[in-house]
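> Sharing a structure, written as structure tokens. Questions coming.
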Amino acid sequence: PTGTHFLGQLIRGVDLTSEAGLEMNVVLESGNIASGIVLDANGLVVPEVDIDVNWVAGGRLYTPEDNTDLLGRYQVVVPMGEFLFRYEPPRGSRLMAVEIDSTLVTQDMVLDVVLESGLLLQGNITDDQGLPAAGVEVDLRNLFTGEKIILANNTTDQAGDYIVAAPLGTYQLRYIPPRDGHLVARDIRGFQLDADTVKNQVLDTGHLVTVKVEGTGGIALAGA
């Protein structure tokens with residue numbers, strides 16, 4: 001329940017196919033409460049902001065009920081450790097996402113956040129047959145520094161539509177299709193975002209090349 005120090009627990013792959021049923025006892029461990037309020041640059045509260053918590057070493061923490069309420073307040077429970085906190089406003093909002101890097105949590109703490117307004121980049125992505133391309137990731141990186149811009153809700157919906165908020169700048173704009181698909185990614189360098197912009201894109205269909213990368217001794221190499 002909200003307000004307790006219990007960590008949520010997510011159990012995947014529970015097998016309920018047996019007619020004998022299943023007994024599953026669960027022990028909830030205790031953690032630390034990270035709470036705060038999310039405001040915009042004018043000091044107004046921002047409801048329905050999704051808070052994601054990731055281990056710095058990799059992997060997302062399960063944090064149930066992690067959206068801000070109508071007063072912009074949130075509360076999540078995390079164990080001791082070092083985390084990335086990410087705040088994503090609702091899809092279509094002009095407010096930009098914020099990520100707080102390398103936050104060490106050793107006790108209950110307060111993290112208040114201000115979301116700045118940005119420019120809207122939106123459009124529709126299709127394949128070369130005119131069919132909507134769902135699940136395509138939209139990625140922006142500063143053209144000169146390579147810094148990745150944190151974008152909220154940056155994948156296309158079932159109609160192939162996307163809408164993100166980003167600061168003014170010159171970027172490398174990437175459209176990254178889902179893994180194991182047959183659409184070819186697209187990379188646009190020198191993309192200028194200086195006003196609200198509509199950018200539609202057609203992705204070509206290609207051939208799927210499957211590669212396995214191994215290190216010394218034939219050990220599979222992840223993240224290559």
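> Among residues belonging to the range 25-43 that are among the β-branched types (Val, Ile, Thr) and part of a loop (DSSP other than H, G, I, E, B), point out the one that is least open to solvent (accessible area, probe 1.4 Å). Explain how you work it out, then say what you get.
Step one: filter the range 25-43 for residues among the β-branched types (Val, Ile, Thr), giving 26-27, 33, 37-38.
Narrowing the set further to residues that are part of a loop (DSSP other than H, G, I, E, B) leaves 26-27.
Numbers: VAL26: 73, VAL27: 118 Å².
Per the stated criteria, the residue is VAL26.
> Now a separate question. If you check ARG60, ARG86, ARG12, which single one turns out to be at pLDDT below 95 and touching a strand residue (DSSP E or B) at 6+ places or on another chain (Cβ under 7 Å)?
Values: ARG86 fails: at pLDDT below 95; ARG12 fails: touching a strand residue (DSSP E or B) at 6+ places or on another chain (Cβ under 7 Å).
After ruling out the rest, the residue left standing is ARG60.
> Continuing with the same structure: Take the residues of the range 160-184 that are hydrophobic (A, V, I, L, M, F, W, C) and over 20 Å from the mean Cα position of the chain (by Cα): which is surrounded by the fewest Cβ atoms within 10 Å (Cβ to Cβ)? It would help to see each step written out before you state the result.
First, the residues of the range 160-184 that are hydrophobic (A, V, I, L, M, F, W, C): 163-166, 168, 173, 176, 183-184.
Next, only the ones that are over 20 Å from the mean Cα position of the chain (by Cα) stay: 168, 183-184.
Values: LEU168: 10, LEU183: 21, VAL184: 14.
My answer is LEU168.
> Further, regarding this structure: What is the residue count in the range 122-151 for residues that are farther than 18 Å from PRO177 by Cα and outside any loop (DSSP other than H, G, I, E, B)?
1
> Name every residue in the range 170-188 that is modelled with pLDDT of 95 or more and either of a type in the set (Gly, Ala, Ser) or assigned to a strand (DSSP E or B) (or both), in order of residue number.
Answer for the range 170-188, where residues must be modelled with pLDDT of 95 or more and either of a type in the set (Gly, Ala, Ser) or assigned to a strand (DSSP E or B) (or both): THR170, TYR171, GLN172, LEU173, ARG174, TYR175, ILE176, LEU183, ALA185, ARG186, ASP187, ILE188.
> Can you find, within the range 62-81, the residue that is farthest from the chain's Cα centre (by Cα) among those that are open to solvent by 20 Å² or more (accessible area, probe 1.4 Å) and of a type in the set (S, T, N, Q)?
Among those residues, the one meeting the criterion is GLN75.
> Something else now. Residue check: is ILE100 outside any loop (DSSP other than H, G, I, E, B), among the aliphatic types (A, V, I, L, M) and surrounded by 19 or more Cβ atoms within 10 Å (Cβ to Cβ)?
Numbers: outside any loop (DSSP other than H, G, I, E, B): yes; among the aliphatic types (A, V, I, L, M): yes; surrounded by 19 or more Cβ atoms within 10 Å (Cβ to Cβ): no.
So ILE100 fails the test.
> Report whether or not THR2 is among the hydroxyl-bearing types (Ser, Thr, Tyr) and either under 27 Å from ALA152 (Cβ atoms) or in contact with a helix residue (DSSP H, G or I) (Cβ under 8 Å, 6 or more places away or on another chain) (or both). Spell out the reasoning first.
Values: among the hydroxyl-bearing types (Ser, Thr, Tyr): yes; either under 27 Å from ALA152 (Cβ atoms) or in contact with a helix residue (DSSP H, G or I) (Cβ under 8 Å, 6 or more places away or on another chain) (or both): yes.
Taking the combined requirement at face value, the residue satisfies it.
> Also, I was wondering about something else. Consider only pairs whose beta carbons are under 6 Å apart and that are at least six residues apart or on different chains; among these, list those whose first residue lies in the range 81-95 and is of a type in the set (A, V, I, L, M) and whose second residue is in a loop (DSSP other than H, G, I, E, B).
Close Cβ pairs (under 6 Å, with a partner that is in a loop (DSSP other than H, G, I, E, B)) amount to LEU95/PRO89.
> Separate question: Provide a single number: the residues in the range 75-97 that are assigned to a strand (DSSP E or B) and either closer than 12 Å to GLY118 by Cα or aromatic (Phe, Trp, Tyr) (or both). Walk me through it before giving the result.
Of all residues in the range 75-97, those assigned to a strand (DSSP E or B) come to 75-78, 81-88, 95.
With either closer than 12 Å to GLY118 by Cα or aromatic (Phe, Trp, Tyr) (or both) added as a condition, the list becomes 83, 85, 87, 95.
Total meeting the criteria: 4.
> Every residue in the range 130-145 that is open to solvent by 40 Å² or more (accessible area, probe 1.4 Å) and under 16 Å from VAL202 (Cβ atoms), please.
Those that are open to solvent by 40 Å² or more (accessible area, probe 1.4 Å) and under 16 Å from VAL202 (Cβ atoms): GLY130, LEU131, PRO132.
> Name the residues in the range 44-54 that are of a type outside the set (S, T, N, Q) and open to solvent by less than 90 Å² (accessible area, probe 1.4 Å), would you? Full working, then the answer.
Step one: of the range 44-54, the residues of a type outside the set (S, T, N, Q) are 44-53.
Within the range 44-54, VAL45, VAL46, PRO47, VAL49, ASP50, ILE51, ASP52, VAL53 qualify.
> Which of the residues belonging to the range 103-129 are open to solvent by 40 Å² or more (accessible area, probe 1.4 Å) and more than 21 Å from THR197 (Cα to Cα)?
If the condition is that a residue be open to solvent by 40 Å² or more (accessible area, probe 1.4 Å) and more than 21 Å from THR197 (Cα to Cα), then LEU104, THR106, GLN107, ASP108, MET109, VAL110, ASP112, VAL114, ASP128, GLN129 are the ones that fit.
> Could you say which residue among GLU48, GLU19 is modelled with pLDDT of 95 or more and among the charged types (D, E, K, R)?
GLU48
The values are calculated or read from the model by the stated rules, or taken from the named source; none is laboratory data. These numbers come from a predicted model, not from an experiment. Positions of Cβ are generated from backbone atoms using ideal geometry, with glycine treated the same way; all protein chains shown enter the neighbour counts. Surface areas here come from the heavy atoms of the whole protein model, side chains and all, with no ligands, DNA or RNA. Shrake-Rupley method; radii C 1.70, N 1.55, O 1.52, S 1.80 Å.
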